[in-house]
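The values are calculated or read from the model by the stated rules, or taken from the named source; none is laboratory data. Just so it is clear, the model here is predicted, and its values are computed rather than measured. Positions of Cβ are generated from backbone atoms using ideal geometry, with glycine treated the same way; all protein chains shown enter the neighbour counts. Just the protein is used for accessible areas: all its heavy atoms, side chains included, with ligands, DNA and RNA removed. Shrake-Rupley method; radii C 1.70, N 1.55, O 1.52, S 1.80 Å.
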Amino acid sequence: MKTELIFLGAPASGKGTHTERLVKDLNLPHIDTGSMLRAAVAKGTEAGKRAGSFMEKGQLVPIDVVASIIKDRLHEDDCKNGFILDGYPRSIEQAEILDEILEDINKGQDVKLLVIDIDVDEKLLIERIVNRRSCPKCKKIYNLKFVAPKKEGICDVCGAELVQRSDDTEEVASKRLDTYNTQTAPLVDFYEKKGLLRVVDGNRGIEEIYSSIKEQIKQG
Ligand code: AMP
């Protein structure tokens with residue numbers, strides 16, 4: 001059976017941390033539109049040129065830019081047993097586009113499709129965002145307050161110098177949270193009505209959250 005997981009959750013709710021572990025445990029590809037867009041910006045592709053200014057302001061990039069990126073990616077061969085979607089969809093319109101893509105790629109197949117919402121109190125989110133650092137090489141995510149690297153500024157795993165995302169400042173973070181609340185949060189109802197939503201309390205320790213996520217996936 002194919003396993004298709006969609007992660008909802010505000011910026012810094014822990015989607016990246018948990019999906020990174022799930023990728024190894026479930027052997028499924030991690031499809032993270034934020035990272036794909038940052039790579040497009042860094043490479044200076046057409047999509048990257050259109051996306052950059054929206055990302056800097058904490059807004060969603062235009063729907064057609066993301067739609068074509070996600071459509072191409074979900075048609076790739078490594079998605080044939082399923083995937084873990086992180087950061088898409090982020091609006092009802094995007095979810096409707098995703099429904100069409102899934103209808104096409106899942107034709108006649110047995111699929112377990114779940115939407116996991118990591119729910120975190122808003123006051124915790126900004127604190128997590130401004131303290132977030134990541135490794136540009138192995139992508140491991142740290143938090144200076146909650147999950148600090150052993151040596152300041154250096155990745156425990158591969159020794160590379162940690163970086164802070166340019167949109168992880170307090171100002172852009174609060175805009176990203178507004179964008180989430182107005183455009184993405186309505187997806188909770190959208191998927192609940194379809195019977196696909198599973199809510200996980202993200203205000204706990206990493207291990208507890210991860211085991212709840214695994215349990216939800218197991219139950220289906
Ligand atoms: P993230 O890494 O998921 O926090 O995404 C960083 C930024 O990329 C967001 O603030 C948006 O500007 C853009 N982005 C990522 N995914 C999407 C999406 N599905 N639709 C529109 N914009 C997106």
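Residues E171, E96, ordered by accessible area of protein heavy atoms at a 1.4 angstrom probe radius and largest first, appear as E171, E96.
Taking every protein chain into account, the 1.4 Å probe leaves M36 with about 50 Å² of accessible area, to the nearest ten.
Rolling a 1.4 Å probe across all protein chains gives F54 an accessible area of roughly 60 Å². Restriction of the trypsin sites (Lys or Arg not before Pro) in the stretch 103-133 to DSSP coil positions whose beta-carbon has at most 13 other beta-carbons within 10 angstrom yields K107.
Classify the chain: rounded, prolate or oblate, from the alpha-carbon gyration tensor (a ≥ b ≥ c, eigenvalue square roots; a/c under 1.5 rounded; otherwise prolate if a/b is larger than b/c)? Rounded.
Using C-alpha pairs below 8 Å separated by at least 6 residues, the relative contact order for the chain is 29 percent.
Per-residue ellipticity at 222 nm computed for the chain from its helices equals -14000 deg cm²/dmol, with DSSP H segments shorter than 4 residues left out and the rest contributing -39,500 (n - 2.57). Where Lys and Arg each count +1 and Asp and Glu each count -1, what net charge lies around K24 among other residues with Cβ under 13 Å from its Cβ? Once all neighbours under 13 Å are counted, the net charge is +2.
DSSP beta bridges fully contained in the chain are about 25 percent antiparallel.
At the residue level, T17 shows approximately 40 square angstrom of accessible surface with a 1.4 angstrom probe and all protein chains present. Ordered by solvent-accessible area of protein heavy atoms (1.4 Å probe), largest first, the residues H18, H30 come out as H30, H18.
Note that the stretch 133-138 has calculated 3J(HN,Hα) couplings of 9, 9, 8, x, 8, 9 Hz, one per residue in order, obtained from phi through the Karplus relation 6.51 cos²θ - 1.76 cosθ + 1.60 (θ = phi - 60°); glycine and proline are x.
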